[in-house]
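Structure first, commentary second.
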Amino acid sequence: MARAALACALAGNAAAGGAHPAVTAFTTYCFKAGQTAEQARANMQSVAGVPLPFALTFWDTSLEPAPTAPAHAERRCEVQFDGDMPAALRAVQAKMATPPVFGTPIPLPAPYAPEAGTAYIEGRELLRGRVAVVHIGTRGTQTFIGVDRLPAGMGLPE
């Protein structure tokens, strides 16, 4: 019951603010640890509907195998959609600044770097020796928003 109420409230907020469902799903669930790929998809479907109106890439090698995961990241959550990149940028930056604040900015760890279409990319030091990289931009005609979490101790400045 509470989950349904939350989904309705979030859907209402998205409609009122004009945010694409991918932005709402991303800011609601992509910063949350402890989700399997199946749980992340189900959580996002509770906000954005079935089928998801966006492409989702999600894995967490600390919870389940992910054969295509690169060695430099243990968790990835990314959405890609036809939508407003500046609105996505504002929403994600607002979410990261809302308590509990999502880490503190650090130099961008290797191998991350801006790519064509990047509007924002930043490393963030998290709790317990973790680092995340948040990346927002466009690929072709689509907007993407992604966050990678690196294995403990990787990516921290010397």
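Nothing in this text is a laboratory measurement; each read-out follows from the coordinates by a stated rule. Please read all numbers here as calculations on a predicted model, not as lab measurements. With ideal geometry, Cβ positions are generated from the backbone for all residues, glycine too; neighbour counts draw on all protein chains shown.
A few points about this structure:
- Amide H contacts of residue 118: 138, each under 5 Å away and 5 or more positions distant or on a separate chain (H built 1.01 Å from N in the peptide plane; Pro and chain starts excluded).
- Placing a label point 7 Å from the Cα of residue 72 along the Cα-to-Cβ direction, the residues of the range 140-154 whose backbone N falls under 20 Å from that point are 144-154.
- When the charge dipole of the chain is built from unit charges on Cβ atoms (+1 for Lys and Arg, -1 for Asp and Glu) and taken about the Cα centre, the candidate among 123, 47, 111 whose Cα reaches farthest toward its positive end is 47.
- Linear extension gain, residue 42 paired with residue 115, 0.36 nm per residue minus alpha-carbon span: 23.3 nm
- Of the options [x] 16.0; [y] 18.2; [z] 16.7, only one is Kirkwood radius over Cα pairs in Å as computed from these coordinates, and that is [x].
- The chain: calculated mean residue ellipticity at 222 nm from DSSP helix runs of at least 4, using -39500 (n - 2.57): -10000 deg cm²/dmol
- Computed from the C-beta positions of residue 57 and residue 127 and an R0 of 22 Å, the FRET efficiency is 0.35 to the nearest 0.05.
- Cα gyration tensor shape of the range 40-114, rounded if a/c is under 1.5, else prolate or oblate by comparing a/b with b/c: oblate
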